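Heads up: the structure comes next, in structure tokens.
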Amino acid sequence: MENVKKLLEKIIEEEKLIYGVLSKINKKSEKTFNKVSIKPVLVRNNIFVQFTYHYDKKVIHNNLNFVDTVRELHNLIHNYFRQVVLYTTDSDYQILISKKGKIKILKKPPSREKRDLSHNRKKNYILEENIPNPFLIKLGVMNKSGKIIAKKYDKFKQLNRFLEMVSDCTDYLKKDKTINIIDFGCGKSYLTFALYYYLVEKLGLDVNIIGLDLKKDVINFCNKIATELGYDKLKFVYGDIKGFNEFNSVDMVVTLHACDTATDDALVKAVKWGADIILSVPCCQHELFNKIQNPVMESMLKHGIIKEKLSSLITDSIRGNILEIMGYSVQMLEFIDMEHTPKNILIRAFKRNNIINKKAVSQYLKFKEFWNVQPYIEREMGEDLKSILQKNFKASK
């Protein structure tokens, strides 16, 4: 059965499937359907495998992603059917399972042509399909011929969405000098490599990028890949952003999925560096969950799941408000995360000037009073913010 599983994984992950039929129901199994057919379909710009379950008087369709497809096929072959015919781009396969469980795999030249679904997918990506890209190949997103690995297509789209957001920022970068960029919480660093590729390889900018993370094995892996790619101005360092002092000034700070107040530490550091661009996707926001209070909002606060979502929104609103006070223009954008995870908010901020935004100060003071909170980010921002708030608080009296 292991050979069957490997064959299925290869066919599905490399998008070679054209059509398949599972038949000859196992008499020892409880009879539910007579046969199952499978084929690739395009649903909302994503390729899925459609399973059609044929009953005596009805058919039922179910669209599965690639991981679930392999799992479901394995289940059907193991528990229900004794014959599988798979038509693929390079071969026709017939899998036969005897009553004693013995498996035989027969292989013939291909007899069908594949219907091209990829032309319907969104085009004009910054990272292009069907053009080999060394960093995507190294990270397992693309094969050597330039084809996106099926189970990595969501990651491929995420990388492009991220680079679209970056492309809107490049006018804010000072291009007459080396551009210093910090990516805190870089993880396996798909986005960090994509950022370097876009700014250096595509735009030809002089860029230094440092990826920070607290996992040493990740740092070692990423440095190895960067060396192999010849990305000599991209390096990965063990540590957190709060204690990072290698640069005196930083032009862009990226922090994606830094947990709880680690996002605040990154934002504080970015402001103190005077970063021209900040890109931040917060997560795991627990700081204000047990602190927000307002009797008027009790209908929301009494429900834990609603309070959790509300505290996240309040936290990000406070972060945006404080960045505005500190001279930034702030946007809240939707950032589509990986498959099976919710959509997140991306805070995108551009350094505007050093003029105090009195409207933002007034909004912030009223907002935190309404929720009865003293946010961590306000304390960490230090004397600069404290003096602005005190001055404007006294002026409002």
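Read the figures in this text as sums done on the coordinates, not as results from a lab. Everything numeric here is computed off the predicted structure, so don't read it as measured data. All Cβ positions, even for glycine, are placed from backbone atoms using ideal geometry, and neighbour counts span all protein chains on display.
List of remarks:
- Among His303, Val253, Ser111 the positive-end extreme of the charge dipole of the chain (Cβ point charges): Ser111
- The alpha-carbon of Lys155 sits under 15 angstrom from the alpha-carbons of these aspartates and glutamates, leaving out residues fewer than 8 places away in its chain: Glu13, Glu128, Glu129, Glu164, Asp337, Glu339.
- Farthest toward the positive end of the dipole of the chain, out of Met381, Ile38, Ile149, is the Cα of Ile38, where the dipole comes from beta carbon charges about the Cα centre.
- Between the stretch 148-177 and the stretch 263-316, the Cα center-to-center distance that results, in Å: 25 Å
- The trypsin sites (Lys or Arg not before Pro) of the stretch 259-339 meeting both criteria, a DSSP state outside H, G, I, E and B (loop) and at most 15 other C-beta atoms within 10 angstrom of the site's C-beta, are Lys291, Lys302.
- In degrees, nearest ten, helix 358-371 long axis to first principal axis of the chain (Cα): 70 degrees
- Amide H to amide H distances under 5 Å link Gly185 with Leu212, Asp213, where only residues 5 or more positions off or on other chains count and H is placed in the peptide plane.
- Placed amide H near Phe81: partners under 5 Å, 5+ positions off or other chain: Asn26
- Rounded tilt (10° steps) of 153-167 against the dominant C-alpha axis of the chain: 30 degrees
- Cut-off under 5 Å, modelled amide H: who pairs with Tyr19 long-range: Tyr87
- Recomputing Cα Rg over 2.2 N^0.38 Å from the coordinates shown identifies the correct label among [x] 1.03; [y] 0.98; [z] 1.24 as [z].
- Calculated [θ] (222 nm, deg cm²/dmol) that DSSP helices of n ≥ 4 give over the chain, each run adding -39,500 (n - 2.57): -11000 deg cm²/dmol
- Antiparallel bridges, percent of DSSP beta bridges restricted to the chain (to nearest 5): 70 percent
- Vicinal HN-Hα couplings computed from phi for the stretch 346-354 (Karplus, 6.51 cos²θ - 1.76 cosθ + 1.60; Hz; Gly/Pro x): 9, 8, 10, 10, 10, 5, 9, 6, 9
- In a reduced charge model with +1 at each Lys and Arg Cβ and -1 at each Asp and Glu Cβ, the chain shows a dipole moment near 1880 debye about its Cα centre.
- Sparse packing (at most 15 other Cβ atoms within 10 Å of the Cβ) combined with a DSSP loop state is found for the following trypsin sites (Lys or Arg not before Pro) in the stretch 1-103: Lys27, Lys28, Lys31, Arg44, Lys57, Lys58, Lys99, Lys100, Lys102.
- Members of Lys147/Lys188; Lys174/Lys386; Lys147/Lys175; Lys202/Lys242; Lys174/Lys391; Lys102/Lys152 lying beyond 26 Å, as alpha-carbon distances in this model show: Lys174/Lys386; Lys147/Lys175; Lys202/Lys242; Lys174/Lys391; Lys102/Lys152
- Each principal axis of the Cα cloud of the stretch 2-119 was taken in turn, and the coordinate range along them, longest first, works out to 44, 33, 24 Å.
- Set of aspartates and glutamates near Lys309 by C-alpha distance (under 16 Å), chain-local residues within fewer than 8 positions excluded: Asp260, Glu287, Glu298, Glu334
- Cα→Cβ-extended label distance, 7 Å offset, between Lys235 and Glu201, nm: 2.2 nm
- Whole-angstrom gap from the stretch 33-80 to the stretch 347-387, using each part's C-alpha centre: 53 Å
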